[in-house]
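The block underneath contains the structure these notes are about, expressed in structure tokens.
The values are calculated or read from the model by the stated rules, or taken from the named source; none is laboratory data. Because the structure is a prediction, the values reported are computed rather than measured. Ideal geometry is used to build each Cβ from the backbone, glycine not excepted, and the neighbour counts take in all protein chains shown. Surface areas here come from the heavy atoms of the whole protein model, side chains and all, with no ligands, DNA or RNA. Shrake-Rupley method; radii C 1.70, N 1.55, O 1.52, S 1.80 Å.
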Amino acid sequence: MLPLLEKDRRAQAKRLFDDVETLVDFEPALLHADLGPEHLLVRERRLAGVIDWGEMRVGDPALDYAWLLNGPFSKWNVDLELRRRARFYHRLAPWYEAHYGLFTNRPEHTERGLAGIGDRL
């Protein structure tokens, strides 16, 4: 994916991936692992359910907080280390979309993923 980025963005991307080694010292938990607005059922402005548990796994709880803390609930009072790791996973998310687009030959996903990478670096 790095060759598809503009040259000035490649160094930023490499620094992002250098942070992988800091994703330690968390208590593994059961994760949804694909938590986003499309998987939350809301009725009368209240959370009624969470759907599509097909990516469920055990891992870093910060993954499930990635979208929540970097989107609709950015003001939640959470542990700073959890917030830091959630920020990393949030910055990583567009890489999955770009990869999916390349893997499935769907350029619209690749383009959207690359734009998101640029926005989050």
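Reported count of residues in the stretch 59-116, each being of a type outside the set (Asp, Glu) and in contact with a strand residue (DSSP E or B) (Cβ under 6 Å, 6 or more places away or on another chain), is 3.
Checking Met1 against (1) closer than 24 Å to Arg112 by Cβ; (2) touching a Lys or Arg at 6+ places or on another chain (Cβ under 7 Å), only one condition comes out false. Which one? Looking at each condition in turn, Met1 falls short on (2).
Within the stretch 88-109, the set of residues being open to solvent by 30 Å² or more (accessible area, probe 1.4 Å) and among the aliphatic types (A, V, I, L, M) comprises Ala93, Leu102.
May I ask you to verify whether Arg120 is closer than 19 Å to Glu27 by Cβ and among the basic types (Lys, Arg)? The answer is no for Arg120.
The set of residues from the stretch 20-32 being open to solvent by 60 Å² or more (accessible area, probe 1.4 Å) and either touching a helix residue (DSSP H, G or I) at 6+ places or on another chain (Cβ under 6 Å) or more than 12 Å from Ala62 (Cβ to Cβ) (or both) comprises Val20, Glu21, Leu30. Screening Arg120 with (1) open to solvent by 90 Å² or more (accessible area, probe 1.4 Å); (2) closer than 23 Å to Leu4 by Cβ; (3) of a type in the set (Lys, Arg) gives one miss only, at (1).
For the stretch 36-87, the candidate set comprises residues that are aromatic (Phe, Trp, Tyr) and without any contact (Cβ under 8 Å) to a residue 12 or more places away in the chain; within that set, the residue that is most open to solvent (accessible area, probe 1.4 Å) is Trp76.
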